[in-house]
Amino acid sequence: MTSPADHTRASLTTPASCCPEYAGLSRRGFLRAGALGAVTLTSTAVFGSAHLQVAHAATQKAGSVLVVLSLRGAVDGMSLVVPHGDPAYYKARPGIAVASDVLLAKDGFFGLHPNLAPLLPMWRAGRMAAVHATGLPTPNRSHFSAMEEVEDADPGSSARVGWLNRLIGRDAYAHPLRATQIGQTIPPTSLLGPRDVMAFGEVDQVTLAGGEGELRARRRRSLQTVWGGVGGPLGDGARAAMLAVDDFDPVRRTAEQPAHGARYPRGDLGKALAAAARTIRGDVGAEVITVDHGDWDHHADLGTLEWGRMQEMTTELGEALAAFFTDLGSLGDKVTVVALSEFGRRTKENANYGLDHGHGNVMFLLGAGVKGGYFGTWTPLTNTVDGDLLVTTDYRSVLAEVVSTRFDVSTATVFPGFTPERVGAILR
Amino acid sequence: MPASAPSRRTAILGGVAAGAALVPSAALLAGVDPAQAATTYKVRRFAKVKTPNAATRHAVNRFTYGWTPQLQKQIKKAGGFTTWFDAQLAPDSGRKVDDDFFESSSNWWFTINASPTKIWDRSEREIEPWWKADENYQRWALVRRIHSERQVQEVVAEFFEHHLHVPTSGENSAIFRADYGKLIRSHALGKFTDLLHAAITHPAMGVHLDNAVSTKRGVNENLGRELLELFTVGAGNFTEQDVKNSAAILTGYSVDVWGTWRVSYEPDDHVTGPVKVLGFSDPNRAKDGRDVTRRYLHYLARHPRTAETIARKLAIRFVSDHPSQALVARLAKVYLAHDTAIAPVVKALSTHAEFKRAKGMKVRTGPDDIVATCRALDVKVRKPAGDLAGANQLLWQAGSLGELPLSWPRPDGMPDTAVAWSSTSRFLNSLEMHIALAGGWWPKKAMRYRSARSWVPIGKAGKRKRKTSIRFDQLVDHLSRSLLGRGSTPRLLQAACEAVECRPAERITHTHHLVKWNMPHLLGVFLDSPDHMTR
């Protein structure tokens, strides 16, 4: 079960820019004096059987920031972090395997896809970890129900509350800017729940259109009259928007140009991460940021190092993440990125230079608190039509380690009923 | 300076139909200073525009892209909602419904009616890249929704385009996408057996979900799986062995994606030998698998679990985000009793008590909002000439709302629930779109917007017979009827007073500052309201 090597270790042990910049929350303990007078903005929502009323406070500083990057469509983790030490990998993939001699950051068993080169400096600095053979405890080959299951992360409950909503719901501070989806305006399952969250495509969109000054104040007042008492998700969204639009101002005032000479690749991922960096720089209390990227559903044309979607998208992924941390500079010392996918892909390639739906996958951790290197327990691959990478680490164990170390929260709050196993990819 | 401070803490609850109960504590929200509560907001009727009763307004807003005064006249001419609706459900038989806009607008973009090879050829000659065919289709979809005479067919066609989703995001399928959309529309009010077969064997779907390259030498499971999971019986109702057999049955439908775009059936690619999926089994001996494919797809279309899938999804689109099991079961029964015919299910849904109770309970999606806004404002989109034309630019307006039409990046189709369409930025972006269209600010070219004056129902100064001014509260009632299809409410009146600083009794003439400068902001009050953003 654990041959050829138990990878629960760090191959490079350079300490990350560790250090507890997480200094607790500096709560400015007053309630909002809104634009319309000293009122407390409230919203009410029913999720499952929980009926909650939330008072929105002024924005607080975020001591730690968690960026969750969802690689949608089920990325092939064995192309990103190649198990070159497992002979079945090469037998099963005569057309699309990544050759051992081009891998980066190689150890005796794993190596990184060469197009992740932009991340090598972080890897060498011990600020990047790859945890392999992770996933849901039992296979779920449906993209859509697997995403739900991964992001709900509470198998016993029928309430639609995502794990990140539970994370920001851990204390009394409620503000829509605390958790934000960037790049897409439809929030993912992980963010849904009783706490209001934010979602925007571009920074400039977070504004109240229709004039400035007096005109804007009037529109504001009029909207408040109409929407103030409206229930349901749209009523909540409307009020959260009106609150967020003011408190988001510091982000809009940040320079649009990335800092420290960072150059993002073209495309949605670069745009979203650039907006995420601005949001963090604006210091408006954004503690959780989610970004979706994909389509990684490479049933066909996953391809080789010379052509195909994997090499192209891996380049974009590596460049975008590297640019993000360059852009953040020292702010990156409080930002942890987790990249994950709903499931992995089959071991054996199909006839279209692609891979069908599998099970186990890799997760990446980058930035604050990360203990660099390869982690996970490997079960030798089998070269059969149905062969999957077996999951040996529940993905929640990895997430639990991140949230319990980076935030003042118990694992049980975020992942109810789950007992995590130690992975070791986060510094304690 | 009018005393238009917010007032009336005794919120008039009836005015807001937003798909949920009012939050009692929210009275705090209005920021009311009781001392200033001087102005009272009492509705004054001005019923020049005929409005439907609540039940008809509800049904119209669910089965069309938005009520308009013109639609009101059509319904009256047809003899009432039921006869109008029945004709719309069978637009090609009996009382035929015109399809002129569909036909004429299909010529607005070359790629809509062009063959794949023509689209490719033009791309090779650098006239228009082939992937622009997807953008053009999105544009056509938008203008059809705004102007088509066959509103019900368009609404149901869009539903099935999401159900049998082939994203319009510039993938290889772009070259076949317009034809695919037309095919879905042609079957949208027919039988699901035919629709499913047409969609699954179409090259757009084949290219999108890789069936076009799936052969017996290497079976690709993508379409075989989604066919079971998304399009028919649903997750949890099949095994991995079923997926393999499903994919095997579908082999043979080939597309040359390397430039010729030749579509063919290749018997040499078809997997032969016994297959079994759920209760369907077949010796599958023939090299030509088209017959077994047809029988397999018809079997799936008639499966009780498929009936539930379609019934639930229709109920979510047309009734509420959380339809009852009883409603789903009822609709599934109708579906099976009519051998998968879709129109009877839509009809049954429209007369169900749960439908009648669901007024205002759906949040309009982003694309629905922009279309409904154009309809409410009586915007006319004209044949485009050049990139700046409204018919082309409207697409970017839709994109700013979060989703280009039919571009949802996953095979499960765009979500249609309040939770998906209530985010902060959706709300803010809608507000921006509303005012841009209300002001006629963008897009401008080849668009006809109504003038500010035309919204004020008075005569020109100096002309006799018609009054030359109107009270503001009456104007608000008139606009509410024109834009929303219902009379004003005290809350809307108050919001209108606040937005443009007018008193209820103020007399509005064509030279009033409101008409000269602030009409977009007044129109925005109605478009920004729950009455417009929900349906």
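Computed values, structure above
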| item | result |
| --- | --- |
| Simple Cβ-charge dipole of the protein assembly as shown, Lys/Arg +1 and Asp/Glu -1, about Cα centre, in debye nearest 20 | 5260 |
| Helix-only mean residue ellipticity at 222 nm for chain A, each DSSP H run of n ≥ 4 adding -39500 (n - 2.57), per residue, nearest 500 | -8000 deg cm²/dmol |
| Inter-part distance where region B:458-509 and region A:236-277 are each reduced to a Cα centre, Å | 40 |
| Those aspartates and glutamates that a straight Cα-Cα span of less than 18 Å connects to B:K96, excepting residues fewer than 8 apart in one chain | B:D86, B:E149, B:E154 |
| Check: region B:305-371 dipole with +1 on Lys, Arg Cβ and -1 on Asp, Glu Cβ, in debye | 160 |
| Calculated [θ] (222 nm, deg cm²/dmol) that DSSP helices of n ≥ 4 give over chain B, each run adding -39,500 (n - 2.57) | -13500 deg cm²/dmol |
| For region B:255-353, the Rg and Dmax computed from alpha carbons only, in angstrom | 18.4, 53 |
| Rg followed by Dmax, in Å, when region B:166-308 is reduced to its Cα trace | 14.3, 41 |
| Cα principal axis extents for region A:52-193, largest first, Å | 57, 35, 25 |
| Near-label residues of region A:295-320 by backbone N, under 15 Å of a point 7 Å along Cα→Cβ of A:A351 | A:300-301 |
| Debye log10 I(q)/I(0) for region B:411-495, one point scatterer per Cα, at q = 0.16, 0.18, 0.23 Å⁻¹ | -0.91, -1.05, -1.20 |
| As computed over region B:129-173, the Cα convex hull volume per residue (Å³) | 62 |
| Mean projection area, nm², convex hull over Cα of region A:150-309 | 13.1 |
| Cross-link pairs beyond the 18 Å C-alpha cut-off, checked among A:K348/B:K216; A:K91/B:K244; B:K73/B:K182; B:K383/B:K444; B:K77/B:K383; B:K77/B:K356 | A:K91/B:K244; B:K73/B:K182; B:K77/B:K383; B:K77/B:K356 |
| Rounded to whole Hz, the Karplus (6.51, -1.76, 1.60) HN-Hα couplings of region B:98-103, x for glycine and proline | 3, 10, 5, 5, 4, 5 |
| In Å, descending, principal axis extents of the Cα set of region B:470-535 | 35, 19, 19 |
| Region A:260-322: equivalent-ellipsoid semi-axes (sqrt of 5 x gyration tensor eigenvalues, Cα, Å) | 28, 13, 7 |
| C-alpha long axis of helix B:174-187 to longest principal axis of chain B, angle in ° | 80 |
| Of the DSSP H helices in chain A, those whose Cα atoms cover at least 15 Å axially and whose Kyte score averages -0.5 or more | A:232-247, A:268-282, A:309-328, A:395-406 |
| Convex hull of chain B built on C-alpha atoms - directionally averaged projected area, nm² | 27.0 |
| Cα-only Debye scattering, region A:281-357: base-10 log of I(q)/I(0) at q = 0.27, 0.28 Å⁻¹ | -1.35, -1.41 |
| Column: log10 I(q)/I(0), Debye, Cα scatterers of chain A, q = 0.06, 0.08, 0.09, 0.12 Å⁻¹ | -0.25, -0.44, -0.55, -0.95 |
| Which of A:S157, B:S93 has the fewest Cβ neighbours within 10 Å, and the rest in rising order | B:S93, A:S157 |
| Approximate shape of region B:63-203 as ellipsoid semi-axes (Cα gyration tensor, √5λ), whole Å, largest first | 30, 17, 12 |
| Largest to smallest principal axis extent of the C-alpha atoms in the protein assembly as shown, angstrom | 94, 70, 55 |
| Inter-label distance for A:T138 and B:K96, nm, one decimal - labels placed 7 Å from Cα along Cα-to-Cβ | 5.7 |
| The protein assembly as shown: antiparallel DSSP beta bridges as a percent of all, rounded to 5 | 60 |
| Cα long-axis angle, helix B:472-484 against chain B (0 to 90 degrees, to the nearest 10) | 10 |
| Two-site FRET efficiency, B:A385 against B:K516, from Cβ-Cβ distance with R₀ of 35 Å, rounded to 0.05 | 0.65 |
| Between region A:151-218 and region B:299-327, the alpha-carbon center distance in angstrom | 30 |
| Chain B: angle of helix B:490-500 to the longest principal axis, Cα-based, in degrees nearest 10 | 80 |
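We did not get these values from a lab; they are worked out from the coordinates using the rules stated. Predicted model, so just to flag it, every value in this text is computed and none were measured. Cβ: placed from backbone, ideal geometry, glycine included. Neighbour counts: every protein chain shown.
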